[in-house]
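Here is the structure we will look at.
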Amino acid sequence: MKSDLSGKGRRVQDVDPTFDPWEQSRPIPLFVLAIFLALAIWGALSYIADLAPNRGAAIGGAVAPKQQAPAVAADAPALVFQGNDIVWACASCHGDHGAGAGLTPALAGLSEAYIAKQLHDFATGSRPNESMQYVASAMSAEEIGQVAAYYAALPRVVGPPVDLGGDAARGEALSRTGDWKKDIPACVTCHGQQGEGVGGHFPALAGQQPEYIFHQLVSWKGGHRHNSPQSLMDDIASRMSEQDMRDVAQYFGSLRPGSKGGNHDEQR
C-alpha cells in the first residue's frame, strides 16, 4: 500500500504545473490572415481580368488586337470602352475601331437597324450565341440603340487580306449572277451591288471578316442560325457547297468599302 501511494505521488509530480485545461485556443496570427486574404483577392481579380478575353474567344475564336482609341471615342456610350458591373466592354472583343478580328465580326459601318436587330435577337435567343446572349440580355433598349448608332457612324476599318482557301473570282461571279443550276440567287440582290448592305435585315458584306462570313454561312446551312427574314439565308445556304461558301466569303472579305466590282485584293 505504501509503494502504491508513492507511485501516485510520482505521477502527480510529473504533471506540468503551467498546464491550464480551461486555456482558450490561441488566435491565428494577424499576418497569416492578411496573407490569406491578399491571395484570395489576387485570385479573384485575376479571374475577372481573364473573363472578358475568354468570352471574346467564345464569341468568335479571336479577340481584336488592341488599337489606339478613335477620335470619336469621347462620344462613345459607356458600354463600348468601359462596360459595366455586369458585362465587359464591346471593344474588348470587337476592337477600339469596331474592326473585329477572325470570327469576331466588324461592326463599324454596319447599319444601325441591323446592329440593333442582332442585339435584340441575341437577347431573345433567336440568334444563338451564349456569350452574346449574356451581353445583350443585360442591355436596356436605350443602350442597344446607343451602341448601334455609335458603331453605324464609325468608318469601316478593313483588316489585312486573309486567305480562306476560296476563289475570289468565282465568289464574285456567285455574288453577281448566282448559280441557277443550284438555285442560288445572286448575293447582290439583297446585299447591294457593292456589298454595302440594305436596310436592317441585309448587312454590309464588303470588307467583313471572310472567316466570319464563312462561319455564318456554315451556321445557316447547319441550322444553327435561323434569324434571317423568311428563312432566306437558311434556304440559300442549304444549297451551297463548302467551296461555294469559301469563294463568296473570300470575295466579299477582299472588297474594300466603296470599291466597285472586280476591284478587290488578290487573296491567293
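Scanning region 121-146 for residues that are touching a residue at least 24 places away in the same chain (Cβ under 8 Å) and touching a helix residue (DSSP H, G or I) at 6+ places or on another chain (Cβ under 7 Å) returns Arg127, Asn129, Glu130, Ser131, Met132, Met139, Glu143, Ile144, Gly145.
Per-residue answers, yes or no, for (1) touching a helix residue (DSSP H, G or I) at 6+ places or on another chain (Cβ under 6 Å); (2) part of a helix (DSSP H, G or I); (3) not assigned by the TED database to the domain that holds Glu130:
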| residue | (1), (2), (3) |
| --- | --- |
| Leu174 | yes, yes, yes |
| Ala186 | yes, no, yes |
| Gly207 | no, no, yes |
| Ile213 | yes, yes, yes |
| Ser219 | no, yes, yes |
| Ser231 | no, yes, yes |
| Asp235 | no, yes, yes |
| Met245 | yes, yes, yes |
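Among residues of region 178-216 being of a type in the set (A, V, I, L, M, F, W, C) and touching a His at 6+ places or on another chain (Cβ under 9 Å), the one that is most open to solvent (accessible area, probe 1.4 Å) is Val198. Here Gly159 meets each of (1) at pLDDT 95 or above; (2) touching a strand residue (DSSP E or B) at 6+ places or on another chain (Cβ under 8 Å); (3) on the phi < 0 side of the Ramachandran plot with one exception, condition (1). Within the option set Gly145, Gly43, being modelled with pLDDT of 95 or more and either in the same structural domain as His191 (by the TED database) or farther than 27 Å from Phe252 by Cβ (or both) holds for one residue only, Gly145.
The values are calculated or read from the model by the stated rules, or taken from the named source; none is laboratory data. Note that the coordinates shown come from a computational prediction; the quantities given were computed from them, not determined experimentally. Methodologically, a virtual Cβ is constructed for each residue, glycine included, from the backbone with ideal geometry; neighbour enumeration extends over all protein chains shown. The area values use the complete protein model at the heavy-atom level, side chains included, leaving out ligands, DNA and RNA. Shrake-Rupley method; radii C 1.70, N 1.55, O 1.52, S 1.80 Å.
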